[in-house]
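Notes for the one structure printed next.
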Amino acid sequence: MHSDKMRVALTSVLAAIFLTGMKLAAGLATGSLGILSEAAHSALDLGAALLTYVAVRISDKPADDDHSYGHGKVENISALLQTGLLILTCFFIIRAAVERLMSGDVQVEVNVWSFVVIIVSIIVDYSRSRALARIAKTYRSQALEADALHFSSDIWSSSVVIIGLISTALGFHQGDSLAAIGVALFVLVISGKLLKETIDALTDSMPKDIEQRIRTALVSLDGVERYRHLRVRQSGSKVFVDMYIDVKRTVPFEMAHHVADAVETRIHEIVPNADVIIHMEPQETDDESIIDKIRMIVVQEGLACHNVRAQRVTNGYFVDFHLECESHQRFDEAHEASSRIESRLMEKIPEIKDVKVHIEDARDRVVQAFDITDQSKPLIAAVRAIAADTQPVLACSDFIVMDIGGHKKMMLNCVVPGDLSLDEVHAITTRLENRIHRNIPEISSIVIHPELARA
C-alpha cells in the first residue's frame, strides 16, 4: 500500500513541475491572463502535490506510544491546507481579472503555442487525475483525493481557457479575463466540496457510504441478534469501526467469538484496511426454553448446575436441579446462594411454582489418583460376572481401576445393542451400577461408558 501511494504522489509532483513551467512560459510570452491563472493554478498544484507527498510519507507510519490511532490525520490536515491555498488563489485570480476588465487594458497575443500548452496540459491532467483517483479510492486517501481533484479541476479550467483564447482570437478580448473568472469560480466549487470532506474527516464525521454498507451487511449475518452504537471514523486512509453486537446468551463463548469474527470479516470485505473493535453482549431471546432461563440465572450467580428438570403441572412448573458449589465452601454460604437463586427464579419466571435445589460440590476438578488396574483382577472378574447376568449387556471391556484418597473408582465400557433408545441404555447402565455397588461395596465410584455393539 505504502509504495503505491508514494509512487503516485511523487509522479504527481513531477507532472506539476512540468505543467507549471510550461504554462508560465506560455502565459508570459502571450500575456494571457487565462494561461497565467492556469500557471498559478498549476503552481498551487505543485505545492499541493509536494504537501501530499510529505503527508503520505508521514501518515503511513505505524501507530506509536504518542499516536495510538496512527498518523492518518496528517493526510486530512494536508488536504485542509491544500484547500485553503486553492481558495485563496481563486480570489486573487478573480480580483486580477475584474481589474483588467474594468481598466480595459487587455493585450493578449494568441498563437498556436497558446493552444498547444493548454491541450498538453489537459492530456497530462487527465492522466494524473485518473491515476490519483484510482489509488485514492483503493486506499481511501483524502490527501491523494485532494490531489486528484486539483488535476481534474485543471482539465475543466483549461477547457474554459481555450474558450477564452478562441474568443480573443475572434476579437472579443474580454473573453480571456472572463475565462480566468470562470476558472476561478469552477475551482472554488471543487474546493468547497473538498473543504467539507476534509472538515468532516477532521471532526470525525461518520462516512455515510461505509456506515450504510455495514448496516446492510449486518442485517443478513447469522448469530447477530441486534447491533447498536455503530461508530465509524476515518483517519487518513485508515477507517476505525467499533460497535456493540447482541448475541444469544445461551451461545457458548467460543461460538459467540466466532460470530464476532464473522462480523469483523464482513466489515473487512467492505473496508479492507479497517481497524475493527466489537463488543459482545448477551441477549435474552424469545426462543429460550424454561431450562435455558434457569441455567442463565444460575450462571449469573457465578455458579453451574446440571440435571435440570421442569415438571409441567396444571398451573405452572415444579423445578429441581443440582447446584454445583465449591467443596471447601461452608454449608450456610452454599445454602444462601441456593436460596438467592430460588428467589430469582420465582421472580424472573412467574410460571415456576416451586423450586427444589440439590446442593453438591462441583464435580469438575483434578485429583491425584493411582492406577491399580493390574492389582485389581479379582475385582474386575467379579464385575464381569455381574455384567454377564445383567440383560441386555453383551460384554464389558477396557477396565480401569484407580485409588483416589483410599477409595476405589472403576471405569469400563459396556457393550449394548444399538437399537435401544437412549433412555433404555441409561436405565441399563444405572441398573448395572446399582448391582455393582450392592455386591462390591469396596468400589466407591463407578463410571460406565455404553458402547455400540458391532455386527
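Just checking, how many residues over the range 303-329 are touching a helix residue (DSSP H, G or I) at 6+ places or on another chain (Cβ under 6 Å) and more than 11 Å from GLU360 (Cβ to Cβ)? Please lay out each step first, then the result.
First, the residues of the range 303-329 that are touching a helix residue (DSSP H, G or I) at 6+ places or on another chain (Cβ under 6 Å): 305, 308, 310, 323, 325.
Going one step further and asking which of them are more than 11 Å from GLU360 (Cβ to Cβ), we end up with 308, 310.
Selection size over the range 303-329: 2.
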**Prompt:** Does VAL251 fit the bill of being of a type in the set (A, V, I, L, M, F, W, C), over 13 Å from the mean Cα position of the chain (by Cα) and part of a loop (DSSP other than H, G, I, E, B)?
**Reply:** yes
**Complete:** Among ILE94, ILE87, ILE77, ILE58, the single one that is farther than 18 Å from ARG128 by Cβ, over 45 Å from the mean Cα position of the chain (by Cα), of a type outside the set (D, E, K, R) and surrounded by fewer than 21 Cβ atoms within 10 Å (Cβ to Cβ) is ILE94
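From ASN307, ASN315, grab the single residue that is at positive phi, of a type outside the set (Asp, Glu) and loosely packed, with under 11 Cβ neighbours inside 10 Å.
Being at positive phi, of a type outside the set (Asp, Glu) and loosely packed, with under 11 Cβ neighbours inside 10 Å holds for just one of ASN307, ASN315, which is ASN307.
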**Request:** Return yes when GLN375 is under 30 Å from GLU333 (Cβ atoms) and loosely packed, with under 15 Cβ neighbours inside 10 Å and no when it is not.
**Result:** no
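We did not get these values from a lab; they are worked out from the coordinates using the rules stated. Predicted model, so just to flag it, every value in this text is computed and none were measured. Neighbour counts run over all protein chains shown; Cβ positions are idealised from the backbone, glycine included.
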